[in-house]
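To start, the structure itself, in structure tokens.
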Amino acid sequence: MSESLPRRLPRGRHALSRDELERIQRARLCAAMAEVMAEKGYVATSVADVLARSGVSRQTFYQVFDSKLDCFMTAFEFAADLLMQRLLEMVGTDESGALAPEVANDPLRRFELAFTAYLEVLAAELPYTRLFLIEVYAAGSAAVQRRSRLQGTITTVLADLLGVTDEAGRFTCQTIVAATSAMVTNAAAENDVAALRAVGPPLIDHIRVLWKAGAFGGQAAPSSR
């Protein structure tokens, strides 16, 4: 998504609906926001910078967003939606949310696939990664609170993947999410894709150690779906 901006609108008359026009403009502006912030940081990024990168007019910007912060928050939602979509795709859920047979009875394999997908998304989408890992703190309390809710969602996903059923296990999941966030933030700050991916193998091995030690508390019976 961040490797190239969404397509520009066609010149002259076109058959795009108003909703489609707004969707394209919104996507271009969010991608531009993420890209410029990756270079300049949230505070130094201006609406003019976003307009120059996106090729969208100021008038259109304010038809779509109320402010720079509004654009940032929407870009954050894009990043969060992309992350969750890739996680679910990687663990093999179908449209109904059912797990693929090859992972339905193997929670550690589900975790390995999901965590690898998480790191791959971060590596492939560095501007968005920096947006929700780093620049979110410069965007104010509302943005930080949204990031905290996203961390809670990721914790829930991790607990579900591992079949965790009690508070002790959930606390272990919460700890893992927080520690992972700290490790990948350092790599993202350096734009170090290799370092992002390198977090995976040792952490996956450590999860297996924690699992054997019973650190995840009670676990649900293997799924039969």
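The values are calculated or read from the model by the stated rules, or taken from the named source; none is laboratory data. Computed from a predicted model, the values in this text were never measured in an experiment. Using ideal geometry, Cβ is built from the backbone for each residue, glycine included, and neighbour counts are taken over all protein chains shown. Each accessible area value is taken on the protein alone, full model and side chains, heavy atoms only, with ligands, DNA and RNA left out. Shrake-Rupley method; radii C 1.70, N 1.55, O 1.52, S 1.80 Å.
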Among residues of the range 49-78, those that are open to solvent by less than 50 Å² (accessible area, probe 1.4 Å), closer than 22 Å to T129 by Cα and not charged (D, E, K, R), counted: 11
Failed item, numbered, when L108 is tested on (1) hydrophobic (A, V, I, L, M, F, W, C); (2) at pLDDT 90 or above; (3) open to solvent by less than 40 Å² (accessible area, probe 1.4 Å); (4) within 22 Å of R146 (Cα to Cα): (4)
Close pairs (8 angstrom Cβ cut-off, 6 or more residues apart or separate chains): at positive phi in the range 35-64, part of a helix (DSSP H, G or I) anywhere: G41/E135; G41/A138; G55/R28
Some residue of the range 135-142 being within 22 Å of L88 (Cα to Cα) and crowded, with 23+ Cβ neighbours inside 10 Å: no
The listed residue being loosely packed, with under 13 Cβ neighbours inside 10 Å and either within 25 Å of D106 (Cβ to Cβ) or among the small types (G, A, S) (or both), out of A198, A168, A182, A159: A182
Count of residues meeting criterion [open to solvent by 50 Å² or more (accessible area, probe 1.4 Å), more than 14 Å from Y137 (Cα to Cα) and touching a helix residue (DSSP H, G or I) at 6+ places or on another chain (Cβ under 8 Å)] in the range 37-47: 1
Helices (runs of 4 or more DSSP H) fully within the range 111-225 counting 2 or more residues that are among the hydrophobic types (A, V, I, L, M, F, W, C) and touching a Lys or Arg at 6+ places or on another chain (Cβ under 9 Å): 126-133, 141-162, 167-189
Residue identified as in contact with a helix residue (DSSP H, G or I) (Cβ under 7 Å, 6 or more places away or on another chain) and closer than 16 Å to V136 by Cβ among A195, A188, A182, A159: A188
Cβ-Cβ under 8 Å pairs, at least 6 apart or on other chains, the range 174-193 side more than 23 Å from G41 (Cα to Cα) and touching a residue at least 24 places away in the same chain (Cβ under 8 Å), far side surrounded by 14 or more Cβ atoms within 10 Å (Cβ to Cβ) and of a type in the set (V, I, T): I176/I207; V177/I154; V177/T155
Meets criteria (among the acidic types (D, E), open to solvent by 50 Å² or more (accessible area, probe 1.4 Å) and within 15 Å of the chain's Cα centre (by Cα)) for E120: yes
Close pairs (7 angstrom Cβ cut-off, 6 or more residues apart or separate chains): under 15 Å from A178 (Cα atoms) in the range 117-140, outside any helix (DSSP H, G or I) anywhere: L119/V199
Check on F72, in contact with a Leu (Cβ under 8 Å, 6 or more places away or on another chain), aromatic (F, W, Y) and modelled with pLDDT under 95: no
